[in-house]
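Enquirer: Here it is: the structure, laid out below.
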Amino acid sequence: MAKLDTRELTDKTVMIDFYGLTPDKDFAREYFTAWLQARGVRVTADPKLAQLRVKAFASVLAVDQGQSFLGAPSFTVPIIGFGVPEIPLFKNIEHSGHAELKISVADEKSGEFVAESVPAIGTTKHDDYTLLIIIHFTRTDMENRQWDLGTDEIAALHR
C-alpha cells in the first residue's frame, strides 16, 4: 500500500468497496481502511455522505511457507506414552508474502471516473533457521593452586 498515491483522496470523504479472491480479504479491507484514515482520508459507510467511491482490488493476497528439516522428528514412545521432542540438526522455515492492490476512484454522486492507480505490488520474506550443535567439553592442564581452594581447604593444608 505504501506504493499507492492517495493525494487525490486526502481531506475527502470516501466510501470503500474492497474486492479480493481470498478469505483474508476482510482483514485486508479493514487494514486498508485504517491505512487510508491515517493519511487523512475520511471513510464512511453512508453513500449520502461520501464524495468519492474507492474500489480497491486485491488480486493477490498470499503467504507461502516452505520447510527444510534434518534431524529427528518428534515421536511418542509406545506403551509408555512418553513424548520425545523434535531434535533438529538443521531446520529452515521460509515464509514469503505477496500482495497486489489496485484502486479505482469514481465520483459518488455522478459515478464519473476520477482516477485509477497502477497496481501496487509488494513482497516480503521471513526465514527462521535452527542449527543444533551440542558439543561441549573442557580440557585443561592446570593444577588447582592454593589460592583456588576455599578457606576450609587452605586451613586444612596449614595444619
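Enquirer: Within the range 15-43, which residues are among the basic types (Lys, Arg) and part of a helix (DSSP H, G or I)?
Expert: From the range 15-43, those among the basic types (Lys, Arg) are 25, 29, 39, 42; that's our starting set.
Passing the criteria: Lys25, Arg29.
Enquirer: Can you say whether Lys125 is basic (Lys, Arg) and either surrounded by 13 or more Cβ atoms within 10 Å (Cβ to Cβ) or farther than 23 Å from Tyr31 by Cβ (or both), as far as the supplied structure shows?
Expert: When the stated conditions are applied, Lys125 does not pass them.
Enquirer: I would also like to ask the following. Could you list, in sequence order, all residues of the range 1-27 that are in contact (Cβ under 8 Å) with a residue 40 or more places away in the chain and open to solvent by less than 90 Å² (accessible area, probe 1.4 Å)? I'd like the intermediate steps shown before the answer.
Expert: Start the filter on the range 1-27 by keeping residues that are in contact (Cβ under 8 Å) with a residue 40 or more places away in the chain, which leaves 1-5, 8-9, 12, 14-16, 18, 20-22.
Once the filter is applied, which keeps residues that are in contact (Cβ under 8 Å) with a residue 40 or more places away in the chain and open to solvent by less than 90 Å² (accessible area, probe 1.4 Å), the range 1-27 yields Met1, Leu4, Asp5, Leu9, Lys12, Val14, Met15, Ile16, Phe18, Gly20, Thr22.
Enquirer: How about the range 28-41: which of its residues are surrounded by 16 or more Cβ atoms within 10 Å (Cβ to Cβ) and closer than 14 Å to Thr13 by Cα?
Expert: Passing the criteria: Thr33, Leu36, Val41.
Enquirer: Return only the number of the condition from (1) surrounded by 10 or more Cβ atoms within 10 Å (Cβ to Cβ); (2) of a type outside the set (Asp, Glu); (3) at pLDDT 90 or above that Gly83 does not satisfy.
Expert: In the conditions (1) surrounded by 10 or more Cβ atoms within 10 Å (Cβ to Cβ); (2) of a type outside the set (Asp, Glu); (3) at pLDDT 90 or above, Gly83 misses (1) alone.
Enquirer: Among the candidates Glu94, Glu100, which residue alone is of a type outside the set (Ser, Thr, Tyr), open to solvent by 50 Å² or more (accessible area, probe 1.4 Å), in a strand (DSSP E or B) and under 30 Å from Val54 (Cα atoms)?
Expert: Working: Glu94 fails: under 30 Å from Val54 (Cα atoms).
From the options Glu94, Glu100, the qualifying one is Glu100.
Enquirer: Of all the residues that make up the range 60-77, how many are modelled with pLDDT of 90 or more and open to solvent by 50 Å² or more (accessible area, probe 1.4 Å)?
Expert: The total comes to 11.
Enquirer: Condition first: assigned to a strand (DSSP E or B) and either loosely packed, with under 15 Cβ neighbours inside 10 Å or out of contact with any strand residue (DSSP E or B) (no Cβ under 6 Å at 6 or more places or on another chain) (or both). Now tell me which residues in the range 44-59 satisfy that.
Expert: Ser59
Enquirer: Now for a different question. How about the range 1-26: which of its residues are within 21 Å of Arg42 (Cβ to Cβ) and polar (S, T, N, Q)?
Expert: The answer is Thr6, Thr10, Thr13.
The values are calculated or read from the model by the stated rules, or taken from the named source; none is laboratory data. All values derive from a computational prediction rather than experimental measurement. So basically every Cβ, Gly included, is an ideal-geometry build from the backbone, and we count neighbours across all protein chains shown. Calculation scope for accessible area: heavy atoms of the full protein, side chains included, ligands and nucleic acids excluded. Shrake-Rupley method; radii C 1.70, N 1.55, O 1.52, S 1.80 Å.
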